[in-house]
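Input: a single structure, listed below in structure tokens.
The values are calculated or read from the model by the stated rules, or taken from the named source; none is laboratory data. The structure presented is a predicted model; accordingly, all values stated were derived computationally and were not measured. When we count neighbours, we look across all protein chains shown, and the Cβ atoms used for this are built from the backbone with ideal geometry, even at glycine. Accessible surface areas use protein heavy atoms only, side chains included; no ligands, DNA or RNA. Shrake-Rupley method; radii C 1.70, N 1.55, O 1.52, S 1.80 Å.
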2 protein chains.
Amino acid sequence: MLSSIIFYSLDRAIRSYRRMAQATIDRAGLDITIDQWLVLRVLLEHDDLTQHDIAERVFKDQASVARILALLTRRGLVSAVPLPHDGRRSQLRVTEEGHRILDAVQPIVLQNRALALAGVSEEELALLRPVLERIALNCTPTPGP
Amino acid sequence: MLSSIIFYSLDRAIRSYRRMAQATIDRAGLDITIDQWLVLRVLLEHDDLTQHDIAERVFKDQASVARILALLTRRGLVSAVPLPHDGRRSQLRVTEEGHRILDAVQPIVLQNRALALAGVSEEELALLRPVLERIALNCTPTPGP
DNA sequence: CGAAAGACTATGACATGTCATAGAAGTTGC
DNA sequence: GCAACTTCTATGACATGTCATAGTCTTTCG
């Protein structure tokens, strides 16, 4: 039955893409992971988010985001300055070096997407998206009352 | 643009599914992960595969398979008896306990798939699969000569 | 035969996923 | 203003993903 393997195909597609994408970034001599890049992108556009907010945007766990932020900070791609009005949080900003990496990765990501979607029409993509979102929704626990 | 978020949707769909699936297995009191279950299933049907063969079937790395097999063996779901004709390998077999777990997990997995695909038609699935396989193929490095 | 080449498994190192929780800091309600 | 609750971050524990490589065993070939 089709449904019996659709999740396997899903898994395979996304993992193939991630492997390929990471490989192109590595080959370009850029020392950053896909996941770190994702978080860095979010920080570029919003510098006032909690780790939980960031996690929601990149669909990760707060714990994962905490570790990724620690790595980004350690590598000097993000600066963290304690916020005066909330002792728990820090002001996170993409550094100059962070901007350089973002700029260098951006065209690679675009190329990767194009490569991955070669031979896939816009119509097919248009059909794909609602199905994927339906699956995600079906699998998301309803936040009980 | 659609293509700019399709991979995000893909990622979200498969992760949502995996979280939900693991949660149902945990709730049933079964001490096994999705990935361990996948490998166990393969062993049930083929007991003469190398780790590399298994890895291909479940689309994992050989190193991951090695660790999963070690866990399955440690938990008594798989037995490993050194092969006489090849000192590197072992004969891997699903134990009684392994069979019990497989039997217990099977209906849960079927339910999970149905739940995840609620509201998705067979036609949509039929459209989805070739696109996913196309993406996987596009992202797979051609084994050079 | 014996050495080089290849196959197979195990493991180190690091990043991430997930759950759980500790510890610190803010908020609410009385 | 204090206690209870909530929010936020950090981290421990364990599983997996990925790359690289060590160590063992097999096959090949000169």
From DSSP H assignment alone, runs of 4+ in chain A each adding -39500 (n - 2.57), the sum over residues rounded to the nearest 500 puts [θ] at 222 nm at -21500 deg cm²/dmol
One decimal, nm, nearest first: from B:R27 to the same residue in each other copy, label points 7 Å out along Cα→Cβ, the values are 4.5
For the stretch B:1-125, using Cα atoms only, the Rg and Dmax in Å read 17.0, 58
In debye to the nearest 20, the charge dipole size for the stretch A:1-139, taken about the Cα centre with +1 at each Lys and Arg Cβ and -1 at each Asp and Glu Cβ, equals 420 debye
Any trypsin sites (Lys or Arg not before Pro) in the stretch B:36-67 that lie in a DSSP loop and have at most 12 other Cβ atoms within 10 Å would be none
Checked against the positive end of the charge dipole of the stretch A:16-138 (+1 on Cβ of Lys and Arg, -1 on Cβ of Asp and Glu, about the Cα centre), the farthest of A:T95, A:I68, A:L110 is A:I68
The alpha-carbon center of the stretch B:34-82 and that of the stretch A:94-110 are separated, in whole Å, by 39 Å
To the nearest 20 debye, the protein assembly as shown has a Cα-centred charge dipole, built from +1 on Lys and Arg Cβ and -1 on Asp and Glu Cβ, of 560 debye
Length-normalised contact order of the stretch B:5-145, Cα under 8 Å, at least 6 apart, in percent, tallies to 20 percent
Here, chymotrypsin sites (Phe, Trp or Tyr not before Pro) of the stretch A:8-89 satisfying both criteria (DSSP loop; at most 16 other Cβ within 10 Å) are A:F59
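By its C-alpha gyration tensor, with a ≥ b ≥ c as the square roots of the eigenvalues, how is the protein assembly as shown shaped: rounded for a/c under 1.5, else prolate for a/b larger than b/c, else oblate?
Prolate, since a/c reaches 1.5 and a/b exceeds b/c.
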Sorting from shortest, the nanometre distances separating the label point of A:A118 (7 Å past Cα along the line to Cβ) from those of the same residue in the other copies are 4.1
With the label set 7 Å along Cα→Cβ, B:S90 is separated from its counterparts in the other copies, in nm and shortest first, by 4.4
Expressed in square angstrom to the nearest 10, the accessible area of A:E123 with a 1.4 Å probe stands at 120 Å²
Ignoring ligands and nucleic acids, B:S90 exposes an accessible area, probe 1.4 Å, in Å² to the nearest 10, of 40 Å²
With every protein chain in place, the accessible area of B:I68 for a 1.4 Å probe, in Å² rounded to the nearest 10, comes to 20 Å²
Log entry, pair A-B: total buried accessible area, probe 1.4 Å, protein chains only, in Å² rounded to 100, is 4900 Å²
